[in-house]
Amino acid sequence: MTSLSAPLVAPKIIGKAVYLELVVNPALTPDQQRSVCGWHGAASSTKQMIIFPQYQDDTGKIMQSVVMTRTVSEHSPRAQWDTSYTRGFSKLDEPDMENLGGYHADYTSVEDYSKEEFDELPIVKQVESRQRTLALTLKRELLGTVYGEVINGEREDSVIQGWVVRDDTPLAVEITNEDMALLHDECKTPQAVIRRINKVRESVLTFPNKLA
């Protein structure tokens, strides 16, 4: 009997994702660490970040870069992943914030170009805008807010670098067209990428065997 089922197509490797394993900044005071980690607790908190690159599939569809993050701890060892999809591109003529005070999200909020404005930019400026958008996304994950005391009805908060890359060791893992389709078309976590990350982690002797 002849099978009419379509032949299986093997996933195609299309690039690499970058994995950052972040720990609480050891240079901070215990109070600052508690402000950064909240109920997770500084001692056991680990922030995981996966950065997926921009990708164009065989049909010409462009999938923008994506950043996935989660914070695991002894109180939340199976935390769900949060996914930040690139929806717009940051304007290049707006300066970065310099004075770190207030809330850390304020320092990564830059007005985006409209689609018409972005399409009119030279290619090199479009690339720079995409790079800045991704850089601001990463910066937001590294910063933290320390909440000050309330004095005369007002509170002065400060922004600090709350997280650092574990052992200054970023990791890279291969990704496939199937991983990107899951991420963009179905809005699902590509579990194959998570498995590859765990396998690479095991090869780094200074990394803990298990998180949380």
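A few points about this structure:
- Cross-link table Lys12/Lys188; Lys115/Lys199; Lys16/Lys139; Lys12/Lys115; Lys47/Lys115; Lys125/Lys199, entries beyond 28 Å C-alpha to C-alpha: Lys115/Lys199; Lys12/Lys115; Lys47/Lys115; Lys125/Lys199
- When you count the other C-beta atoms within 10 angstrom of each residue and take the mean per peptide, 74-80, 21-27 line up highest first as 21-27, 74-80.
- Shape call, the stretch 44-91: gyration tensor on alpha carbons, a/c limit 1.5: prolate
- Computed [θ] at 222 nm, deg cm²/dmol, the chain (DSSP H ≥ 4; -39,500 (n - 2.57); rounded to nearest 500): -8000 deg cm²/dmol
- Positive-end extreme of charge dipole, the chain - chosen from Pro77, Thr189, Ala10 (charges on Cβ): Ala10
- Reduced Cα scattering model of the chain, Debye log10 I(q)/I(0), q = 0.09, 0.15 Å⁻¹: -0.45, -1.09
- Positive-pole candidate from Leu22, Val67, Val204, dipole of the chain, charges at beta carbon: Val204
- Three-way shape call for the stretch 112-212 based on the alpha-carbon gyration tensor, with the a/c threshold at 1.5: oblate
- Three principal axis extents describe the C-alpha atoms of the stretch 162-212; from largest down they are 35, 26, 20 Å.
- Based on C-alpha pairs under 8 angstrom that are at least 6 apart in sequence, the chain has a relative contact order of 26 percent.
Read the figures in this text as sums done on the coordinates, not as results from a lab. As the structure is a prediction and not an experimental result, all values here were calculated from the model. FYI the Cβ positions are ideal-geometry reconstructions off the backbone, even for glycines, and counts take in every protein chain you see.
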